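All remarks here apply to the structure that follows.
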Amino acid sequence: MDSPFLFGKLVGASTFVNRTSEQEKLSKNLSSGINTIIISPRRWGKSSLVEKVALEIAKKQAHKKVVRIDLFTLSSEEEFLEAFAREVIKASSNKWNDWLLATQTFLKSISPKMSIGADPTTEFSIGFDWKERQKNRNEILDLPNKIGKEKSIDFIICLDEFQSIVQFTHYTELEKAMRAIWQRQKNTTYCLYGSKRHMMADIFDSSSRPFYRFGEMMMLDKIEKHHWVPFIQSAFKKTKRKIELHAAERICDLMKNHSWYVQQLAHNTWVKTDELATINTVHSALRELLSTNMPLYQMETENLSKTQLQLLLAIAKNVSQLTSMETIREFNIGTSNNILKNKNILIEKDIIQSTPDGFEFMDSAFELWFKWQYLRIEPK
Ligand SMILES: Nc1ncnc2c1ncn2[C@@H]1O[C@H](COP(=O)(O)OP(=O)(O)OP(=O)(O)O)[C@@H](O)[C@H]1O
Ligand SMILES: [Mg+2]
């Protein structure tokens, strides 16, 4: 029987939990021309949210066309612009001969090279000669505007892991051009989202950067426990199994409502259940989850220096005064300058975040594993 839980993929209608107010807000913004920037830590559900809202808008309003590009997989400006051109053109029609025509018409001045494979619907690409970078860039960035005007289309362009753009060689020029060209486009709305909070904030929050105040910022929160619990219970019920209420609650508490992990732990629990899942089932599923993820967590800790690891240990032990003489001695974490530097590195790596009372781990399952490995605290 198929698991009613899903992780590692974008969640569709039947497994989508709550986010009603976020869906409403994003949908209103994107269908009324308000650029929106979404920031949230990894795997809380940005891509799933954007996907769901974008599909719904496109379904209801035929003249709105959605383009989605994940920048994580693109390693240069050229690749990005070629993907941008290709996806905008593909979204403008569902006929591949229209794509060829549109490429020839709207990108004529920068001599596009098209290629189509045996199945043109999946193997369509456009390349350019990159000697005239600036000209290509400007033409391609303005493509949604040109096609939109000609074909009465409103584009909604969703760029996932947008912060990846800063790694491109000519990034500063690209950033300026994007902002200058995109803000004049009346028929195109941008949804730019990413998980590296510091990089995203640098791009959109600094008054000296081109993208300052480009759109409305949305900080996506976690899905709350009172939405997760009924979802978990009904997913068990649908598949003719049951889960005790406090076992379902324990799944959320252990994973601190982290979307991906709630689904993963619920799945592991479901697999172990014949009829009724109890707290014991959840605990045994948790150990399995931590073992499965162990290679990842080991890699994460191996990439830390000795003093960074020691600092993380102090944080795991809830030490409140990290720079006190006592802490420095007990954990051997170096001078206060060192501590400050390491703290910032751990924050930049998204391993910890600061809270009003100190610091907390960003990854709830990694925290349990870390405490188990290094502090011998049983995960439960
Ligand atoms: N609304 C939701 N309802 C149920 N599960 C969800 C929801 N949103 C996210 N999830 C769970 O979290 C996982 C990660 O979601 P998604 O890929 O959308 O997050 P993301 O923030 O884009 O992650 P990444 O930072 O890795 O790109 C999904 O595979 C699913 O298991
Ligand atoms: Mg994503």
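The figures follow:
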item	result
Hey, Arg42 away from ligand 2 (no atom under 16 Å from the Cβ) and in contact (Cβ under 8 Å) with a residue 40 or more places away in the chain or not	no
Failed condition for Ser291, given (1) part of a helix (DSSP H, G or I); (2) farther than 22 Å from Gly8 by Cβ	(2)
Residue count, region 324-365 (criterion: exposed (fewer than 13 other Cβ atoms within 10 Å of the Cβ) and among the β-branched types (Val, Ile, Thr))	2
Flag if Phe214 is under 19 Å from Val50 (Cα atoms) and either out of contact with any Lys or Arg (no Cβ under 6 Å at 6 or more places or on another chain) or not assigned by TED's automatic domain parsing to the domain that holds Ser259 (or both)	yes
Whichever residue in region 1-45 is of a type in the set (Asp, Glu) and within 14 Å of ligand 1 (Cβ to nearest atom) and, among such residues, is farthest from the chain's Cα centre (by Cα)	Glu24
Region 231-273, residues that are part of a helix (DSSP H, G or I) and either among the β-branched types (Val, Ile, Thr) or exposed (fewer than 15 other Cβ atoms within 10 Å of the Cβ) (or both)	Ile232, Ser234, Lys237, Lys238, Leu245, His246, Ile251, Asp253, Val262, Thr269, Val271
Pairs with Cβ under 6 Å, 6+ apart, first in region 1-27 and touching a residue at least 40 places away in the same chain (Cβ under 8 Å), second of a type in the set (D, E, K, R)	Pro4/Lys238; Leu10/Glu51
Hits in region 336-349 - residues which are touching a helix residue (DSSP H, G or I) at 6+ places or on another chain (Cβ under 7 Å) and of a type outside the set (A, V, I, L, M, F, W, C)	Asn338, Asn342, Lys343, Glu348
Some residue of region 196-205 being surrounded by fewer than 13 Cβ atoms within 10 Å (Cβ to Cβ), free of Cβ contacts under 8 Å to residues at least 40 places away in the same chain and closer than 29 Å to Lys135 by Cβ	no
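The values are calculated or read from the model by the stated rules, or taken from the named source; none is laboratory data. Not measured: the values here are computed from a predicted model. Cβ sites come from the backbone with ideal geometry, for glycine too, and all protein chains shown count toward neighbours.
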